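The values are calculated or read from the model by the stated rules, or taken from the named source; none is laboratory data. Predicted model, so just to flag it, every value in this text is computed and none were measured. So basically every Cβ, Gly included, is an ideal-geometry build from the backbone, and we count neighbours across all protein chains shown.
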Amino acid sequence: MGNGDPVSDGNFAGGGDAMPAPREVMPPALGAALDCDADCRAYCDGLGLENPVNVGLCGSSWGVGLALRPIDRAEACRRIHADFIGRFPTPTEISEVCATDRPWGDVVKSVIDSDEFVLVNQRRWADDLLYNNRAVNFERAFDMDELVGKTYRGRVAWDQFAAVTSAHPVVMRRHDTPGDRAEFVFKLFLGRPPYEAERADLGRLYQLWTNGYWEHPHVGVVPDAFVRFDCVDGDGQPDPETIGECTSIQWGYQELTLAPDPGRMVNEGEQEGTMWAGYIKPNEWERLQLPGRVIAQQPAFWETTVDRAMEQYFGYALGNAVPEVRHELVRYLLRYNGDIRALHYAIGTSFAYLQSSEGASATDLRWTYGPLKQIQVEGWLDTIKLTTGTGLSQCDHRLPHPEDYVGEEALEEAGGWAFALVNLSRWDVDEESRDVIGNYRNLARTLGGCPSNEAGGRFTTVSVLNTAVQEAFVADVCGLDGGGIDIERLLPAGVTPRQALDAATAEAILAHQQRLFLGRSLDEDERALATNAADTCTPAPCDAQTFARPACFALLSSSEMLFY
């Protein structure tokens, strides 16, 4: 699947709209209802907007006399990298990828075409589906991850992705009963819990699934999903007496049965009479995807897809506040045959996304100022790794418990094949001890990232504990108590560690670090702070490194490194 032609040509419209000026009318009073009358509608229609978010938003903004707050290119670059790439940009990326003479639509297209964009979304789906190699055969997680990757490369249409996911063993094995599986998939793709009748009815299409354990040829016994052969007679035909247990009628009459094949059935043990999921044939696999195809036929399926993306990028439910935006995005996504990249492109090039979060008040309409979100733990850590060169390993969301396959005991049980599995994954393995290097994972999990997915997934919070952990890590990176990264990284060209600290040197150091870590230049207030720091530094005389390391700590632990 996903090995043929792309779902669409990838040439998405709407990336070149010009920011409209508000219609010359009195803007609505705070709290007043918005009314896009005939003149408003005519004004919006005459703007020639192509981006679906802009089209849907016009009647609630420019058409009624309201202006948006556009951001500059550097801030837009920082936002698009944090959201689409999963980390903040380097100075080189700001100047080259987001060059001011480059059309913004080309910038968004380039980040969508990147491997990092795919990885960010694979990690999001790992959070949703709770990959855990102690609960599910790890091969299922790798397979599902590949499906997500193909989908976000435009190789699998979104409704087809939903159909496959709805019957994927990585989902089936995480839930016990037909009703549990039905409820999970229903909430995942329709955005709400099912009513009891819907849960029971859709659950009949999950009657054939059960859980068990399979003897993996290399790593031993692993948990996996199995298929039963309910609701059929001895000839493999639907049994009139039991077929109702495998039939949904809520969304049309839908039967789901499989004919048993003695050559592929388990003959003993708890799974006797069932078939291991790894033996499912293509035609059977297609039939088992019936629940997802039923769900994808519902209008709410596409609306939920759009709403999830808007929540991801805007941080609030724009589709509820301005339903016209949801409507236009659904039409746009269907126009490109369910190519999920089109949805992300439309949002990333929209004026609702490309506006500042500053200057807003509690009574402002939410869509007249931009998003402000907390960066995920991995994004914060990866940015610090990239900009400071500090020695951190990494996580692999497909295999939350790699320690099960490495180390002396695991090697005795599973042998070199299991070790190779981990060694060729994204986990870093110590060459001498042959154990996983866990410094990244241990720090990330303390802060809510890199989840093990035992029962729940990641968490995002701001707390005293989180702040203390973050500050301790940053203090170690910047070398406040000795050690830390090389001082040369924290100093601009031409400044030496022992150079006397004066106002000009302090300003140069802060400007260098701010460009490195935050991707922007100093403002007047920050220049004044640098001058004051040089004048009041004690014990005098201070040198460049005495200022550079605390400046590093202040920037890397600042709110600007956590929120964007």
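Numerical summary
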{"quantity": "Selected residue (only one of Y195, Y213 is more than 23 Å from the chain's Cα centre (by Cα) and under 22 Å from R308 (Cα atoms))", "calculated": "Y195"}
{"quantity": "Enumeration of residues in region 250-272 that are more than 35 Å from the chain's Cα centre (by Cα), loosely packed, with under 13 Cβ neighbours inside 10 Å and not acidic (D, E)", "calculated": "Y253, A259, P262, G263, N267, G269"}
{"quantity": "Matching residues in region 101-158 - criterion: being among the aromatic types (F, W, Y) and closer than 21 Å to W302 by Cα", "calculated": "W125, Y152, W158"}
{"quantity": "Unique residue being over 18 Å from A74 (Cβ atoms), in contact (Cβ under 8 Å) with a residue 24 or more places away in the chain, among the β-branched types (V, I, T) and not assigned by TED's automatic domain parsing to the domain that holds G389 when the list is T505, T538", "calculated": "T505"}
{"quantity": "Selection from region 508-527 of residues that are closer than 17 Å to F553 by Cα and small (G, A, S)", "calculated": "A508, A511, G519"}
{"quantity": "Count of residues meeting criterion [assigned to a helix (DSSP H, G or I), among the aromatic types (F, W, Y) and closer than 23 Å to K187 by Cβ] in region 250-305", "calculated": "2"}
{"quantity": "Residues satisfying the stated conditions in region 61-85, i.e. closer than 11 Å to A352 by Cβ and buried (at least 23 other Cβ atoms within 10 Å of the Cβ)", "calculated": "S61"}
{"quantity": "Members of region 495-506 that are crowded, with 19+ Cβ neighbours inside 10 Å and not in a loop (DSSP other than H, G, I, E, B)", "calculated": "T505, A506"}
{"quantity": "Cβ pairs under 6 Å, 6+ apart, first in region 225-239 and closer than 14 Å to T177 by Cα and assigned by TED's automatic domain parsing to the domain that holds E139, second in a strand (DSSP E or B) and among the polar types (S, T, N, Q)", "calculated": "F226/T210; R228/T210"}
{"quantity": "Candidates M1, M19, M26 - the one that is part of a loop (DSSP other than H, G, I, E, B) and within 30 Å of M144 (Cβ to Cβ)", "calculated": "M1"}
{"quantity": "Residue satisfying condition, being in contact with a strand residue (DSSP E or B) (Cβ under 9 Å, 6 or more places away or on another chain) and either in the same structural domain as E272 (by TED's automatic domain parsing) or over 21 Å from Y131 (Cα atoms) (or both), within set V185, V219, V171", "calculated": "V171"}
{"quantity": "Extreme residue, surrounded by the most Cβ atoms within 10 Å (Cβ to Cβ), among residues of region 507-537 that are more than 17 Å from R549 (Cα to Cα) and hydrophobic (A, V, I, L, M, F, W, C)", "calculated": "L522"}
{"quantity": "Subset tally (residues that are at positive phi and aliphatic (A, V, I, L, M)) for region 505-533", "calculated": "0"}
{"quantity": "V136 of a type in the set (V, I, T) and within 21 Å of the chain's Cα centre (by Cα)", "calculated": "no"}
{"quantity": "Test: residue in region 131-151 that is under 26 Å from D5 (Cα atoms), outside any helix (DSSP H, G or I) and touching a residue at least 12 places away in the same chain (Cβ under 8 Å)", "calculated": "no"}
{"quantity": "Unique match (being closer than 15 Å to N133 by Cβ and out of contact with any Lys or Arg (no Cβ under 7 Å at 6 or more places or on another chain)) among V422, V477", "calculated": "V422"}
{"quantity": "Every residue from region 72-89 that is of a type in the set (F, W, Y) and in a helix (DSSP H, G or I)", "calculated": "F84"}
{"quantity": "First in region 89-110 and farther than 21 Å from F517 by Cβ, second anywhere and assigned to a loop (DSSP other than H, G, I, E, B) and among the hydroxyl-bearing types (S, T, Y), Cβ under 7 Å, 6 or more apart", "calculated": "W104/T349; G105/T349; V108/T349"}
{"quantity": "Output for region 342-381, where each listed residue is in a helix (DSSP H, G or I), in contact with a Ser or Thr (Cβ under 9 Å, 6 or more places away or on another chain) and within 17 Å of R78 (Cα to Cα)", "calculated": "V377"}
{"quantity": "Long-range neighbours under 7 Å by Cβ, at least six apart or interchain, first residue under 14 Å from A321 (Cα atoms) and at pLDDT 95 or above within region 35-62, second in a loop (DSSP other than H, G, I, E, B) and β-branched (V, I, T)", "calculated": "G56/V322; L57/V322; S60/V322"}
{"quantity": "Residue match in region 316-333 (condition: surrounded by fewer than 22 Cβ atoms within 10 Å (Cβ to Cβ), within 19 Å of the chain's Cα centre (by Cα) and more than 27 Å from K150 (Cβ to Cβ))", "calculated": "yes"}
{"quantity": "Among residues of region 184-203, those that are touching a Pro at 6+ places or on another chain (Cβ under 7 Å) and buried (at least 21 other Cβ atoms within 10 Å of the Cβ), counted", "calculated": "4"}
{"quantity": "Qualifying residue in region 527-545 (condition: assigned to a loop (DSSP other than H, G, I, E, B) and of a type in the set (V, I, T))", "calculated": "yes"}
{"quantity": "Given (1) within 31 Å of the chain's Cα centre (by Cα); (2) assigned to a helix (DSSP H, G or I), index of the condition H175 fails", "calculated": "(2)"}
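Residues are listed down the side, and each one gets a yes or a no for (1) under 21 Å from G319 (Cα atoms); (2) aromatic (F, W, Y); (3) in contact with a helix residue (DSSP H, G or I) (Cβ under 7 Å, 6 or more places away or on another chain); (4) modelled with pLDDT under 95:
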{"position": "D17", "(1), (2), (3), (4)": "yes, no, yes, no"}
{"position": "G31", "(1), (2), (3), (4)": "yes, no, no, yes"}
{"position": "I80", "(1), (2), (3), (4)": "yes, no, yes, no"}
{"position": "P89", "(1), (2), (3), (4)": "no, no, yes, no"}
{"position": "D106", "(1), (2), (3), (4)": "no, no, no, no"}
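Yes/no per residue for (1) at pLDDT below 95; (2) over 32 Å from the mean Cα position of the chain (by Cα); (3) aliphatic (A, V, I, L, M):
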site: R458; (1), (2), (3): yes, no, no
site: N466; (1), (2), (3): yes, no, no
site: Q470; (1), (2), (3): yes, no, no
site: P492; (1), (2), (3): no, yes, no
site: T496; (1), (2), (3): no, yes, no
site: A506; (1), (2), (3): no, yes, yes
site: H512; (1), (2), (3): no, no, no
site: P539; (1), (2), (3): yes, yes, no
site: A548; (1), (2), (3): no, yes, yes
